[in-house]
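One structure is given here, and the rest of the page talks about it.
The values are calculated or read from the model by the stated rules, or taken from the named source; none is laboratory data. As the structure is a computational prediction, the values presented were derived from the model and not from experiment. Cβ sites come from the backbone with ideal geometry, for glycine too, and all protein chains shown count toward neighbours. With ligands, DNA and RNA removed, areas are computed over all heavy atoms of the protein, side chains included. Shrake-Rupley method; radii C 1.70, N 1.55, O 1.52, S 1.80 Å.
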Amino acid sequence: MREAGNGSYDSQTESEENPLSQNPKVPSEELTIVVGAGLAGLTCAFELAEKGKPVLVLEAAPYVGGRTANWNENGMEVESGFHKFIGYYTLLPELLERAGIKLNDMLFWEKSMEARHPEAEEPGVFGLDLVRAPLKTVLGALGNNSYLTPADKASLIPFFTAGFKDYLSNPEELDEIPVKEYAERHHVTEQALERILEPLSSGIFFLPPEQYSSYAFFGLFAPGIPRLHKMRIGAFSGGMTDVMCRPLADAIERLGGTVRTSAPVRGLIAEEGAVRGVELENGERLRAAQVVVAANIRRAQKLLSEHFSSVSAFKPFFELEAMPHVTAQFELTEPLLPKDRTTFGPGTQLGSFGEQARTTFRDKAGRTSIILVDPDALVDLPEEEVWRRTVDSLKAIGLDGVDNATDYRIIRGDENFYRLAAGNEKKRPKQVTPIPGLFLAGDYTKQPFLATMEGAVISGQRAARGILKA
Ligand SMILES: Cc1cc2nc3c(=O)[nH]c(=O)nc-3n(C[C@H](O)[C@H](O)[C@H](O)COP(=O)(O)OP(=O)(O)OC[C@H]3O[C@@H](n4cnc5c(N)ncnc54)[C@H](O)[C@@H]3O)c2cc1C
């Protein structure tokens, strides 16, 4: 894999030079520096580069991608976590197409998903594709009676009807109510809560239903309603850096931008209430017309609070909490599951997971990736303990094949996600800030697609639009 950056900035140490000032064709006062090469930062840089604007992306890690990355972790190829591309995303696929990345080469489309509960006689299997597999999809919704009784299913109808209505008419109020409480108000049965609502909340954004915002719950599915025909799920055909983010960074460089990895930013250069550049950990000082902070939430809060802690417009943002994520990834002598498809493990520590030996990690005989719940309880435990609990949960739902695991890694972080808990929606900051020269991008910033890849893309595009308008 080619390392990022075209080298034109590498000689700039300990200087206040604008790197682009060496190139007389590029007026240095037009430079935009983007801090962070996750999807939000890469999107913003791509949009600017496509418009012919000079742009420099600085990424702390040795690889691009952030939370959509893969890398080698002490001898084992890992990813930031189990990811799925939802068929109703629009801006992410459109961006990738412009960057020359073909969706059908990047993804394997799944036709069904599965939920396994320790006490259910059989797994629930749900079709996903109304257009290509209509019968399976409809039968999945109506069938699966040994997983969920008709009464349980019926109890979900008033809940979903009211929820989507409230999402449109009372979003602020909806955000104040945890999804468990909202389900109780609408008389959802205990079994439907545990077997359907828990996978659709904790299985996706980790938090238990007692905390999970109802706004986040309905907000994830609402954009899919007018696009039901697009409701399918894609598994990546390789590591996300390799098949998506590195090609996107390459497209930025083809358009004249620069992407530097292993370039952590220590602080912002602020002068007279405006942002004028950044200082790197190695002491390099780079000046720019504007800086887009596209770092994860905790890092962004840190960078901003150094200079702008008393700016009242940022107060809610500084109060926005982060939440951890914890994943278990392992290799086996044979696949753990008969199909590579999204699987949920309600009633266990397994949020969502899947076999990947036929999709993302095709050079492995068996390869599984799991998002674990409850991350708050797991994030500080020793690796061996997290692994022991993971094995126990897999066995509880009949997946004894985990005994064939040959290697595992616990991949976790505690500064990446804004907490999708009740009451937090109103604290998300906008991409265009009141500080001259400062823009924000990142899934935590205000946009409707929550903490998703599509949301990160929207945030990057809004930051770019703000810069182009300025
Ligand atoms: C386990 C897991 C499962 C997920 N599943 C899905 C899914 O199925 N579907 C979906 O759509 N989304 C999923 N997501 C969410 C998705 O990955 C994120 O919403 C998206 O990648 C966020 O992109 P971002 O650019 O906002 O942030 P990030 O990807 O976090 O990027 C921030 C970047 O900033 C860099 N950075 C931080 N500080 C500095 C600094 N000081 N200097 C330079 N660089 C810095 C970081 O290294 C990082 O590369 C999942 C995420 C995880 C972790």
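Sorting Leu193, Leu255, Leu350 by solvent-accessible area of protein heavy atoms yields Leu255, Leu193, Leu350, largest first, with a 1.4 Å probe. Here Lys180 is the anchor, and the aspartates and glutamates within straight C-alpha reach of less than 14 Å, apart from those fewer than 8 places off in the same chain, are Glu190, Glu194, Glu198, Glu210. With R₀ set to 45 Å, the beta-carbon distance separating Ser146 from Asp363 gives a calculated FRET efficiency near 0.75. Using C-alpha pairs under 8 Å with a sequence gap of at least 6, the mean separation divided by the residue count of the chain gives a relative contact order of 24 percent.
Computed packing ranks the peptides 152-162, 329-339 as 329-339, 152-162, most packed first, by mean other Cβ atoms within 10 Å. In vacuo Debye scattering of the chain, one point per C-alpha: log10 I(q)/I(0) at q = 0.06, 0.09 Å⁻¹? Relative scattering, expressed as log10 I(q)/I(0), comes to -0.27, -0.60. When only Cα pairs below 8 angstrom with a gap of at least 6 residues are kept, the stretch 109-233 shows a relative contact order of 28 percent.
Please label the shape of the stretch 242-354 as rounded, prolate or oblate, based on the square roots a ≥ b ≥ c of the eigenvalues of the alpha-carbon gyration tensor (a/c under 1.5 means rounded; beyond that, a/b larger than b/c means prolate, else oblate). Cα axes put the stretch 242-354 in the oblate bin.
Using only alpha-carbon positions in the stretch 412-451, the gyration tensor eigenvalues give semi-axes of 20, 13, 9 Å once each is multiplied by 5 and square-rooted (largest first). Place a point 7 Å from Cα of Leu168 in the direction of its Cβ. Which residues in the stretch 189-233 have their backbone N less than 13 Å from it? Residues 222-227 fall inside that zone. Around the amide H of Asn296, modelled in the peptide plane, lies no amide H under 5 Å away from a residue 5 or more places distant or on another chain.
Oblate is the label for the stretch 109-233, because the ratio a/c of its alpha-carbon gyration tensor axes (a ≥ b ≥ c) is 1.5 or higher and a/b is not greater than b/c. A straight Cα-to-Cα reach below 17 Å connects Lys426 with the lysines Lys315, Lys446, residues fewer than 8 places away in its own chain not being considered. With all protein chains kept in place, the per residue accessible area of the stretch 323-418 amounts to 36 square angstrom at a probe of 1.4 angstrom.
Long hydrophobic helices in the chain: the complete DSSP H runs spanning 27 Å or more by Cα along their own axis with mean Kyte-Doolittle hydropathy of at least -0.5 are 150-169. Per residue, the solvent-accessible area of the stretch 109-233 (1.4 Å probe, heavy atoms of protein chains only, all protein chains present) comes to 48 Å². Model label sites at Lys395 and Asn74, defined 7 Å from Cα along the beta-carbon direction, differ in position by 2.3 nm. Surface composition of the chain: carbon plus sulfur atoms hold 52% of the accessible area, using a 1.4 angstrom probe and ignoring ligands, DNA and RNA. Distant-in-sequence amide contacts of Gly65, defined by a placed amide H-H separation under 5 Å and a gap of 5 or more residues or a different chain, comprise Ala37, Gly38.
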